Amino acid sequence: MEEGRGEHHHHHPLSVFFRDARLAFRWDELGKEIMGIAVPGALALMADPVASLVDTAFIGHIGPVELGAVGVSIAVFNQVSRIAIFPLVSVTTSFVAEEDAMSNNRDQINQENEHAVSDSEMEELISPEEDGATTSKSSFETDSCEVNIEQKRKNIPSVSTALLLGGVLGLLETLLLVLSAKPILGYMGVTPDSAMMKPALQYLVLRALGAPAVLLSLAMQGVFRGLKDTKTPLYATVAGDAVNIVLDPIFMFVFKYGVRGAAIAHVISQYFIASILLWRLRLHIDLLPPSLKHLQFGRFLKNGFLLLARVIAATFCVTLSASMAARLGSTPMAAFQICLQTWLACSLLADGLAFAGQAILASAFARKDYPKATATASRVLQFALVLGLLLSILLGIGLRVGSRLFTGDQDVLHHIYIGIPFVCLTQPINALAFVFDGINYGASDFGYAAYSMVLVAIVSIICILTLASYSGFTGIWVALVIYMSLRMFAGFWR
């Protein structure tokens, strides 16, 4: 593995963008593999932000105070959830991909050994009379064999470890948010006498009850990505978010629960998603390890703590931005919430390419297939650049009109129009930054990913505090552009 990575260091960094660029959109085996993972995966990632956008749209028609309050609560919930689960998901995808590749290699070797039995020896065991009977019932035997293979569940220790850690972290997150919601919201700039405090507190506490389901679902999505199956998480997430969209107006307007109704609908949908994923996973993986010694806590914690430092640094920048917007008042915060959710939802399309690259790279390194690893890195970066440019164009055309779906308040719309250029123009930067992350994770380069992000965050935090103080709402978005640009260059430098 080190040998393959060492060879890559002799090339100029720009070469990765132009390597076989003429083949970037060729529908070959590698292109099909990347798109087969990336497209369903990106849609699954998009589903939850889209559900949050639907929540935002419904709440926006209640009033700007409620919209701003929910925006702060969502920022808090996402920050804590990402800190808790993102390191686990990232290492799970790499570890499962590696273990699955090695397991498949072992199975292939065993099958080759079994087929080494001479055909002539087998023919001697079958009389001519039996031969016709064997042929006539071979279809049934083949079907039975396929059923047995499908029902044979794999033993991948990383899966059991990830699920156990995800469940424990989910329970801890619920306790933290329920017991500390008020002081956390105060830190975010929502003072006790603010009109936003009551709805923000209601939404955050109720949403926290769904944390175990959220973290378990994300851990299982990491497992499925490692298995290169992103369709199952997509189906489960779309089904759950459909439930959320149906229940939102019922709880909010029919039962008159307001923002509490949005939180309740979201929690129900998350448990529904977790149930579907768990049911499907147990059909393919033996979820109970043979013994506790097979659990890989040491391996997970070593790499997980590196990524924990990274995700704290990364999400702190976004959460600090939301906090600075909240300090400007409910109207700027409401506009920031709409722009931020749109910004993140679109950027997550690139995350689909990121973990497609991660899964394929991890498998390639496990098999020591370094040419495929290099080709995969180049291809996903080329896809990311084109995707970012397309998103910039689409958002530039549609976001100004589409913003009226979220609110009719003219002051909120004015602030949204200020944020639109930043949301649009940063899409290529965001896409490349996310894909560089996936490449580093696929190569198990968790150390560099952590240290570089901490340095980026230090510079970005200074920019956010300084620019927000001098330029208000516009300054916050300028600082976010600087933050994502630094993330991209950190990945490029490696």
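Summary of values
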| read-out | value |
| --- | --- |
| Which of K228, K154 has the fewest Cβ neighbours within 10 Å, and the rest in rising order | K154, K228 |
| Sequence-separation-based contact order of region 223-318, relative, with Cα cut under 8 Å and 6+ spacing, percent | 21 |
| Highest average packing first - 212-223, 369-380, Cβ atoms within 10 Å | 212-223, 369-380 |
| Computed Kirkwood radius, in angstrom, where 1/r is averaged over Cα pairs of region 246-373 | 19.5 |
| Spatial separation of Cα centroids for region 181-238 and region 456-494, in angstrom | 25 |
| Computed magnitude of the charge dipole of region 207-325 (debye, nearest 20; Cβ of K, R +1, Cβ of D, E -1) | 320 |
| Charge dipole magnitude, Cβ of K and R +1, D and E -1 - region 302-410, Cα centre, debye nearest 20 | 300 |
| Mean Cβ count within 10 Å, highest first, over the residues of peptides 193-202, 393-402 | 193-202, 393-402 |
| Residue (of A274, S323, L307) at the positive-pole extreme of region 257-347, dipole from beta-carbon charges | L307 |
| Contour minus Cα-Cα distance for V459 and L179 (0.36 nm per residue) | 97.6 nm |
| Residue list for region 380-420, given a label point 7 angstrom along the Cα-to-Cβ vector of A57 and an amide N cut-off under 13 Å | 402-407 |
| Estimated distance in nm for a label pair at I393 and F305, the labels positioned 7 Å out from Cα along Cα-to-Cβ | 4.8 |
| R0 of 25 Å, Cβ-Cβ distance N155-K231: FRET efficiency to nearest 0.05 | 0.60 |
| Violating pairs (Cα-Cα greater than 21 angstrom) within the set K32/K228; K182/K256; K231/K302; K302/K372; K231/K368; K182/K302 | K182/K256; K231/K302; K302/K372; K231/K368; K182/K302 |
| Distance between modelled label sites at L278 and L172, nm, 7 Å Cα→Cβ extension | 2.0 |
| Under-5 Å amide H pairs with K154, H placed in peptide plane, nonlocal only | I285, D286 |
| Shape of region 364-404, Cα gyration tensor, a/c cut at 1.5 | prolate |
| Calculated from backbone phi, Karplus (6.51, -1.76, 1.60) coupling profile of region 53-61 in Hz, x at Gly/Pro | 5, 5, 4, 4, 5, 5, 5, x, 7 |
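Bear in mind these aren't lab numbers, they're just calculated from the coordinates by the rules spelled out. Source: prediction; values computed, not measured. Note: ideal-geometry Cβ built from the backbone for every residue, glycine included; neighbour counts use all protein chains shown.
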